[in-house]
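Data first, discussion second: the structure below is written as structure tokens.
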Amino acid sequence: MKKTLSFLFVIFALACSLNAQKNLISFSFGINSGIPVYGTEESKKAEEKLENPNRFVIGTYVLLNLNIIETASVFTGADLLTDFNWEDSNYANHLHFDIPLGLRLSPNLAGFSFGTAYLLGFRGDFYSLTKNDKSSSATPWGNGFKLFAEYDFSYHGYKFLPTIGLSWTIMPRGNNEYDNLLNLYMGLNL
């Protein structure tokens, strides 16, 4: 049985690689930034305690792509988005970590593609809202999803041109509370 499944997998991989114009396996990585909208009461109250906060939202991602055919690929990897909020010595910082498993479709519109991904992730919170009160916590792991649309400028064969995209992520954080993340990202495909 194992030999049969292994043989079928090799035949499938070879057939996919013959049909794909790109490499069968490729990598993507880049940076992102966005607008996080928190759904948990704890994070909302912490944000309200900072009257005029400075805010810096930046993240990164790395993906492993399996290019099955020219118009579709399956991917997995890791996403990290950091949200730093501070006012003087007080802060309310958040780290979002997600592991996506998704499908990207390219409907033969040059480098345009869109897709969706299933996400497994959590958010870490770090607070210092008074002089002697520091705390940290993590939300439960949640199962969310991401929708995205992107344009790959390297589609026509020019290497090292970026991919620019927009994504919306919804992640449950326990107790019927959800985080929404609207991200703009830029990356390279190798």
Quiz item: With θ set to phi - 60° and the Karplus curve 6.51 cos²θ - 1.76 cosθ + 1.60, what are the ³J(HN,Hα) couplings of segment 53-61 in order, to the nearest whole Hz, using x for Gly and Pro?
Solution: x, 8, 9, 9, 10, 8, x, 8, 8
Quiz item: How much net charge surrounds K146 when only the other residues with a Cβ under 13 Å from the Cβ of K146 are counted, with Lys and Arg +1 and Asp and Glu -1?
Solution: -3
Self-check item: Top positive-direction residue, dipole computed over the chain with Cβ charges, set S43, S28, T139
Solution: S28
Quiz item: Tell me, what is the per residue accessible area of the chain in Å², probe radius 1.4 Å?
Solution: 59
Quiz prompt | Residue with peak Gaussian network fluctuation, the chain [Cα springs, cutoff 10 Å], from L50, L64, L103 | solution = L50
Practice problem: For every helix of n ≥ 4 consecutive DSSP H residues, a contribution of -39,500 (n - 2.57) applies; sum these over the chain, divide by its total residues, and give [θ] at 222 nm rounded to the nearest 500 deg cm²/dmol. | Solution: -4500 deg cm²/dmol
Quiz item: Label point 7 Å out from F56 along Cα-to-Cβ: which residues of segment 85-115 have amide N under 17 Å?
Solution: 85-96
Quiz prompt | Principal-axis tilt of helix 2-19 within the chain, Cα atoms, nearest 10 degrees | solution = 90
Quiz item: Normalised by the residues of segment 21-67, what does the relative contact order come to in percent, with Cα pairs under 8 Å and at least six apart?
Solution: 70
Quiz item: What order do you get for 128-139, 170-181 when each peptide is scored by the mean count of other beta carbon atoms within 10 Å, highest first?
Solution: 170-181, 128-139
Quiz prompt | Normalised contact order of segment 13-160, rounded percent, pairs of Cα under 8 Å and 6 or more residues apart | solution = 18
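The values are calculated or read from the model by the stated rules, or taken from the named source; none is laboratory data. Because the structure is predicted, anything quoted here is derived from the model rather than measured. Backbone-built Cβ (ideal geometry, glycine too); neighbour counts: all protein chains shown. Note: accessible area is taken over every heavy atom of the protein model, side chains too, but ligands, DNA and RNA are not part of it. Shrake-Rupley method; radii C 1.70, N 1.55, O 1.52, S 1.80 Å.
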